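Nothing in this text is a laboratory measurement; each read-out follows from the coordinates by a stated rule. Predicted model, so just to flag it, every value in this text is computed and none were measured. Every residue, glycine among them, receives a Cβ derived from its backbone with ideal geometry; neighbour counts consider all protein chains shown.
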């Protein structure tokens with residue numbers, strides 16, 4: 001079994017925050033791969049399903065971001081899941097909006113959700129980092145991540161979430177580079193039509 005965790009804060013007031021892109025990605029996976037309904041367990045919401053024949057448990061901790069590790073650790077211990085089979089999807093300030101990176105382990109980078117998970121389980125799990133951009137100044141970070149995505153962000157946000165869900169089987173198969181490449185291809189803006197050749201003028 002794989003445990004896939006989307007990070008965010010519970011409640012309607014936070015639903016469209018940049019900090020909640022992990023929740024949004026989890027919802028996209030449920031829709032794309034026809035998971036069962038969300039239900040309450042492990043201080044969070046869980047949904048069961050399978051992706052390319054592999055059983056996956058999706059988890060959205062409902063503890064608020066800075067206590068996410070409590071929920072994740074409860075699921076890990078109950079199901080006896082190895083950290084190599086845990087994938088956490090979260091917002092990333094140090095990536096441009098719409099960009100994605102995958103890595104295993106590393107530091108929390110100031111992310112309270114990751115810091116909490118590290119405290120409970122250690123750092124040796126997979127992270128899918130979804131870029132939300134940096135506001136440019138450290139003292140504006142909290143307001144940036146706890147504000148809603150702008151209307152203009154929909155141009156890249158929905159395609160990114162759909163691409164993550166479509167490409168996820170590659171990540172589960174251990175092909176993290178293939179996963180990143182497919183997401184990049186699926187979210188690439190369409191090429192502009194080549195300029196049509198100028199029509200010849202009369203008499204030429």
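General remarks:
- Estimated inter-spin distance, residue 191 and residue 66, nm [label 7 Å along Cα→Cβ]: 5.0
- Exposure proxy ranking, count of Cβ atoms within 10 Å, fewest first, for 35, 149: 149, 35
- Taking 0.36 nm per residue of sequence separation and removing the Cα-Cα distance, the residue 40/residue 173 pair yields an extension gain of 45.1 nm.
- Put the Cα centre of segment 98-177 next to the Cα centre of segment 2-21 and the gap is 11 Å.
- Pairs of Cα atoms nearer than 8 Å and 6+ residues apart set the relative contact order; for the chain it is 23 percent.
- To the nearest ten degrees, helix 21-32 and the longest principal axis of the Cα atoms of the chain are 80 degrees apart.
- Equivalent ellipsoid semi-axes, segment 2-187, via Cα gyration tensor eigenvalues times 5, rooted, Å: 22, 19, 16
- Relative to the current alpha-carbon distance between residue 96 and residue 154, full extension at 0.36 nm per residue lengthens the span by 19.4 nm.
- Relative to the longest principal axis of the Cα atoms of the chain, the long axis of helix 154-172 lies at roughly 60 degrees.
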